[in-house]
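The values are calculated or read from the model by the stated rules, or taken from the named source; none is laboratory data. Note that this is a predicted model, so its numbers are computed, not measured. FYI the Cβ positions are ideal-geometry reconstructions off the backbone, even for glycines, and counts take in every protein chain you see.
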Amino acid sequence: MSPLARVKSLLTKPFMPAVFFLSGVIYDTVTLTRIDRLLDNLILLLYLAMLGALIVLTGRVGNESPPDSGQLAAASPFMRKVLECRPYYPMASQFLLGSLFSAYTIFYSRSATFSGTAVFFALLIMLLVANEFLRNRLSNLRLLICLYAVVCFAFFTFFLPVITGYMNVVIFAIGAIVSIGVILRVTQLIYRNNPDRSRDEGVGVTVPAAALIGILVGFYFLNWIPPVPLSLKFGGMYHEIKRSGDQFELSFEKQWYQVWKRSDTTYPANKPIYCFTAVFAPVALNTTIYHHWYFRPNDSRPFTHADKIPLTISGGREGGYRAYSFKQGLDVGEWRVEVEAKDGRILGRVSITVVQQVEAQPTLATVSY
């Protein structure tokens, strides 16, 4: 068997789709570094434009078997190529959708937490996996445009804050409006001067996609969408924080065998405590985050509000903008700091258990950040 024949035989194996899927995700994980990287965003924007063009072609010329010789003879050279490629439209659409969902999953994973903000992230993962089984269904215009609505919405949710330097409900609303506008434009290009399509069909295709964007807007107001492009890079509780040049020296209790430990997990009552966080933000973005302190005396009681401290951050630093808040006179029990964006969405949590003070002097270690 020739090498080419071996390669073709290997590509037909049933496990190869899973191999390509995992390889693509791993490649994106390694190459997609910063959410504000211009080249990455331009590539995603190009994918969106190409996918929109494919959807228009699918709607106007379909994706059936190649046309007969009579149709090809009557078509212009460009249209002849368009018609000849019709059977490959679903594969191309699947590739572009998979690339977009993979990139979004990586970007949103950096801001998602095990709270309500995980809902939208879970939806992206579900669509990323489901896309591997949708090739035979990607001739359905209603499904295609609904998926296109999701990828447009997910892109503009973080792209507009990156390019404007603002992150608030107005910017989010503009992103949703732009997404709807793109969907309407794609639908218009499909149905305008198209004798094979009816206006009623166009409405039936557009309304579900617009309704889906409306549902995703509801997710935002329920704080179910991760606060991209912000992400919590590091967080912990400490006995003391000192600035040394460009580094913060963070002191915490550590025994010699606790090689993995980088912050305090228990803390003596009635002592000052520091909550240190590093939050990544794009270069142009200046915003306010909050350290929202919560307390409960034991695990049978709910957490209650204790304090909310604003911290102004600016973007650009790879390791995140570093800031801290502190409290003193903490009661015995469980304490939690939720790191919140300005609109209330949670970037992450830092927890500590406060215990009665012991007489022994703790052994402190220092980590630099």
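Remarks
- Some residue of the range 208-220 being closer than 25 Å to residue 338 by Cβ and either touching a Gly at 6+ places or on another chain (Cβ under 7 Å) or among the basic types (Lys, Arg) (or both): no
- Yes/no for residue 111 being outside any helix (DSSP H, G or I), crowded, with 20+ Cβ neighbours inside 10 Å, modelled with pLDDT of 85 or more and assigned by TED's automatic domain parsing to the domain that holds residue 155: yes
- Flag for residue 304 being in contact (Cβ under 8 Å) with a residue 24 or more places away in the chain, hydroxyl-bearing (Ser, Thr, Tyr) and farther than 25 Å from residue 226 by Cβ: no
- Qualifying residue in the range 150-162 (condition: in contact (Cβ under 8 Å) with a residue 24 or more places away in the chain and part of a loop (DSSP other than H, G, I, E, B)): no
- Residue identified as of a type in the set (A, V, I, L, M), assigned by TED's automatic domain parsing to the domain that holds residue 210 and in contact with a helix residue (DSSP H, G or I) (Cβ under 6 Å, 6 or more places away or on another chain) among 118, 130, 154: 154
- Lone qualifier among 267, 294, 290 - being at pLDDT 90 or above, under 27 Å from residue 159 (Cα atoms) and not in a loop (DSSP other than H, G, I, E, B): 290
- Yes/no for residue 284 being surrounded by fewer than 18 Cβ atoms within 10 Å (Cβ to Cβ) and not in a strand (DSSP E or B): yes
- Checking residue 139 against (1) hydroxyl-bearing (Ser, Thr, Tyr); (2) more than 17 Å from the chain's Cα centre (by Cα); (3) within 14 Å of residue 227 (Cα to Cα), the condition it does not meet: (3)
Residue-wise test of (1) over 23 Å from the mean Cα position of the chain (by Cα); (2) part of a loop (DSSP other than H, G, I, E, B); (3) not small (Gly, Ala, Ser).
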| position | (1), (2), (3) |
| --- | --- |
| 243 | yes, no, yes |
| 250 | yes, no, yes |
| 260 | yes, yes, yes |
| 274 | yes, no, yes |
| 299 | yes, yes, yes |
| 309 | yes, no, yes |
| 319 | no, yes, no |
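Quick grid of which residues meet (1) assigned to a helix (DSSP H, G or I); (2) buried (at least 18 other Cβ atoms within 10 Å of the Cβ):
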| position | (1), (2) |
| --- | --- |
| 174 | yes, no |
| 179 | yes, yes |
| 186 | yes, yes |
| 196 | no, no |
| 214 | yes, no |
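- If the condition is being exposed (fewer than 15 other Cβ atoms within 10 Å of the Cβ), at negative phi and of a type outside the set (Asp, Glu), then the range 222-261 contributes 222, 242, 243, 244, 247, 255, 256, 257, 258, 259, 260.
- Taking the listed residues 72, 100, the one that is of a type outside the set (Val, Ile, Thr) and modelled with pLDDT of 85 or more is 100, with no other qualifying.
- The range 168-194 residues that are closer than 18 Å to residue 209 by Cα, paired with ones that are loosely packed, with under 14 Cβ neighbours inside 10 Å and at pLDDT below 95 (beta carbon under 7 Å, 6 or more apart): 191/199
- Lone unmet requirement of (1) among the hydrophobic types (A, V, I, L, M, F, W, C); (2) assigned to a loop (DSSP other than H, G, I, E, B); (3) under 30 Å from the mean Cα position of the chain (by Cα) for residue 256: (3)
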